[in-house]
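> Sharing a structure here in structure tokens format.
The values are calculated or read from the model by the stated rules, or taken from the named source; none is laboratory data. On a predicted model such as this, the values are computed, not experimentally measured, just so you know. Methodologically, a virtual Cβ is constructed for each residue, glycine included, from the backbone with ideal geometry; neighbour enumeration extends over all protein chains shown.
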Amino acid sequence: MDLTPPPPAVPQPPLPQPTLASAEFWRSGADGVLRITHCGDCGRYCHPPLPRCPSCRGPALKLEPVSGSAVVVGFTVTHQTWLPSFPPPYVVAVVALAEDDRARLTTNIVGCEPDRVHIGMRVRVRFARPDADAEVYLPLFEPDPDATTPGPLPEPREVRNALRPMASPRKYEDRVALTGVGQSQVGRRLMVDPLSLTVDACLAAVADAGLDLDEIDGLSTYPGPSPDGFSEGGTTALTEALQLRPTWVNGAREVPGQIGSITAAMLAVASGLCRHVLCFRTVWESSHAALVRSGQWLPAGGRATGMFEWRTPFGAVSAAQWIGCNASHYMHRYGVGREALAAIAVTARAGAARNPEALYRDPLTPDDYYDARMVTTPFGLYDCDVPCDGAVAVIVSAVETAYDRPRPPVLVEAVGTAILERLSWDQDTLTHVPQSQGPSAHVWTRTDLTPADVDVALLYDGFTFNALSWMEGLGFCGPGEATDFVAGGRTIALDGELPLNPHGGQLSAGRLHGYGFVREAMLQLREEAHGRQVRNARVAVVTAGGGVPSGAMLLRRAW
């Protein structure tokens with residue numbers, strides 16, 4: 001009897017789960033021909049398949065053969081192992097089809113060394129069939145041997161043209177105030193029940209507002225029940241834990257960024273449905289990752305579904321990779337390097353050094369930034385935020401109750417929520433993080449204030465490029481001008497023209513997933529940001545959302 005163990009199986013890339021809409025696409029490469037959805041009425045090509053044409057909204061859509069020629073319009077070289085079937089380095093790229101540069105695929109560039117890949121590279125399709133038992137053909141792309149010149153790039157689209165005027169002169173923002181804020185313990189691998197963290201933050205926020213639990217008549221959270229360390233169980237879990245009796249609850253995921261749950265609470269209060277809504281956000285990613293590594297928590301398996309259907313089969317499983325593709329396009333288009341990203345990372349660490357709650361407080365120099373290991377180009381270690389465990393809670397109250405509270409209220413000047421770009425990581429905006437432009441443009445239509453009135457900026461920095469995208473989207477500088485604007489960090493320092501994330505942001509203080517920025521804005525405007533207080537901070541801008549959808553807020557002092 002042969003007891004020799006069999007050779008280890010070769011890891012296979014995760015397969016997509018074909019749907020009723022996409023199955024024909026995944027099968028169609030069997031003959032080596034790329035087929036893309038085409039509109040018979042206006043000639044538009046689009047991807048992934050849609051039931052209506054994104055240009056004319058007509059129904060005459062059919063999968064049609066195309067040349068298979070494309071141009072690399074964004075890419076990232078991944079140096080970190082995300083999946084066993086994708087040993088680094090490998091290239092994730094966004095390619096635009098020769099027939100229509102609005103139709104793009106997230107894919108891999110194969111057949112050449114990763115350092116040969118560049119923006120404008122002409123490529124052609126070739127197919128791989130990872131599993132002989134599955135009718136799935138993955139479109140990969142290789143250098144086009146006949147190409148002699150770079151290919152054309154899609155031009156940026158002006159999204160502000162689609163802005164609408166205010167629907168009513170009555171602003172819901174004027175009817176609400178932020179009256180309380182609380183935070184739990186924050187740390188790496190706390191190994192604490194996430195619901196316990198939520199309770200701690202919520203009780204602290206309720207006390208900060210001078211309320212008791214029986215006065216809480218609404219609950220709002222993001223994203224509701226969610227796996228992988230992103231939730232404590234939502235409004236149901238908290239209602240049970242504290243035996244609350246809310247009139248209204250919200251636990252939606254598709255809101256304008258993580259702080260969209262706070263926006264929803266504002267709408268509930270402004271409508272008269274509630275008077276005091278408790279908003280909360282809990283993460284325990286750090287402990288969850290430790291449990292998975294130890295085998296105590298089994299990760300979810302199966303085929304890739306939802307938006308991951310179009311990314312996971314190519315090893316594009318992290319937002320670092322998706323955003324890295326856009327960052328590469330930005331750097332190519334505007335002819336800049338990583339200088340602005342370095343300044344943002346170093347500034348964040350300087351802020352964290354003044355914040356005793358921050359996770360990483362050791363000094364960080366520009367040399368440290370550039371010498372750090374690469375994660376996925378152009379992002380190195382210090383371009384990426386810090387997964388952690390923690391919870392933040394915020395109270396949204398009716399404005400007429402705000403001045404009876406023990407702390408000065410923070411008023412809401414304007415909220416930006418408009419969707420002016422496609423809610424896609426690869427089919428529309430390439431120059432910046434998707435959805436940083438629409439909410440940014442929208443927020444200024446709801447106020448007489450301008451970027452010059454902002455005293456402190458709390459900009460989402462899941463990656464350094466996110467903060468850069470928000471900075472330009474909000475109009476603090478023009479497209480491609482961030483490198484000159486930040487001036488090596490002088491402009492965004494604590495005493496600079498636009499202090500950025502004085503608490504250290506998610507890059508150094510910890511990824512509290514949007515809510516940490518609201519808390520810091522409230523502390524700054526209440527003059528309670530001890531050791532890092534921006535002098536005479538009267539107006540703060542807050543953004544949240546590392547992609548789609550996203551949102552922005554302007555907050556101001558009440559006195």
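> Is there any pair with a first residue in region 249-261 that is on the phi > 0 side of the Ramachandran plot and a second that is in a strand (DSSP E or B) and surrounded by 22 or more Cβ atoms within 10 Å (Cβ to Cβ) whose Cβ atoms are under 7 Å apart and which are 6 or more apart or on different chains, and what are they?
Every condition considered, the pairs that remain are G257/A544; G257/G551.
> OK, next. Scanning for something touching a residue at least 12 places away in the same chain (Cβ under 8 Å), on the phi < 0 side of the Ramachandran plot, assigned by TED's automatic domain parsing to the domain that holds H38 and not aliphatic (A, V, I, L, M), does region 90-98 turn up at least one residue?
Among the residues of region 90-98, at least one is touching a residue at least 12 places away in the same chain (Cβ under 8 Å), on the phi < 0 side of the Ramachandran plot, assigned by TED's automatic domain parsing to the domain that holds H38 and not aliphatic (A, V, I, L, M), which makes the answer yes.
> Please list, ordered by residue number, the strands (runs of 3 or more DSSP E) wholly in region 116-223 having 2 or more residues that are farther than 29 Å from A270 by Cβ and not assigned by TED's automatic domain parsing to the domain that holds G438.
In region 116-223, 122-128, 138-143 are the strands (runs of 3 or more DSSP E) which contain 2 or more residues that are farther than 29 Å from A270 by Cβ and not assigned by TED's automatic domain parsing to the domain that holds G438.
> Please state which one of G272, G302 is out of contact with any helix residue (DSSP H, G or I) (no Cβ under 7 Å at 6 or more places or on another chain), surrounded by fewer than 24 Cβ atoms within 10 Å (Cβ to Cβ) and not assigned by TED's automatic domain parsing to the domain that holds P223.
G302
> Given the criteria at pLDDT 95 or above, farther than 21 Å from V443 by Cβ and under 16 Å from the mean Cα position of the chain (by Cα), does L494 qualify?
Taking the combined requirement at face value, the residue does not satisfy it.
> What are the pairs, 6+ residues apart or on separate chains, where a residue within region 345-358 that is farther than 15 Å from F463 by Cβ and in a loop (DSSP other than H, G, I, E, B) has its Cβ under 7 Å from a residue that is β-branched (V, I, T) and modelled with pLDDT of 95 or more?
If the second residue must be β-branched (V, I, T) and modelled with pLDDT of 95 or more, the pairs left are E357/V186.
> Give me the pairs: first residue in region 53-70 and crowded, with 18+ Cβ neighbours inside 10 Å, second residue hydroxyl-bearing (S, T, Y), beta-carbon distance under 8 Å, and six or more apart or on different chains, which are they?
As it stands, the answer is L61/T37; V66/Y45, since those pairs meet every condition given.
> Is there any pair linking a residue in region 384-403 that is closer than 30 Å to A372 by Cβ to one that is of a type in the set (S, T, N, Q) and modelled with pLDDT of 95 or more, with Cβ under 6 Å and at least six apart or on different chains, and which?
Filtered contacts from region 384-403: D385/Q506; G390/S184; A391/S184; A391/T198; A391/T282; V392/Q183.
> If you don't mind, there's one more thing I want to ask. Working only within region 479-524, note down all residues that are farther than 25 Å from V396 by Cβ, in a loop (DSSP other than H, G, I, E, B) and either outside the structural domain of E232 (by TED's automatic domain parsing) or among the charged types (D, E, K, R) (or both).
E481, R490, D495, E497
> Here is a further query. Which residue is surrounded by the most Cβ atoms within 10 Å (Cβ to Cβ), if the candidates are limited to region 196-218 and must be without any contact (Cβ under 8 Å) to a residue 60 or more places away in the chain and among the hydrophobic types (A, V, I, L, M, F, W, C)?
So, considering only residues that are without any contact (Cβ under 8 Å) to a residue 60 or more places away in the chain and among the hydrophobic types (A, V, I, L, M, F, W, C), the one surrounded by the most Cβ atoms within 10 Å (Cβ to Cβ) is V199.
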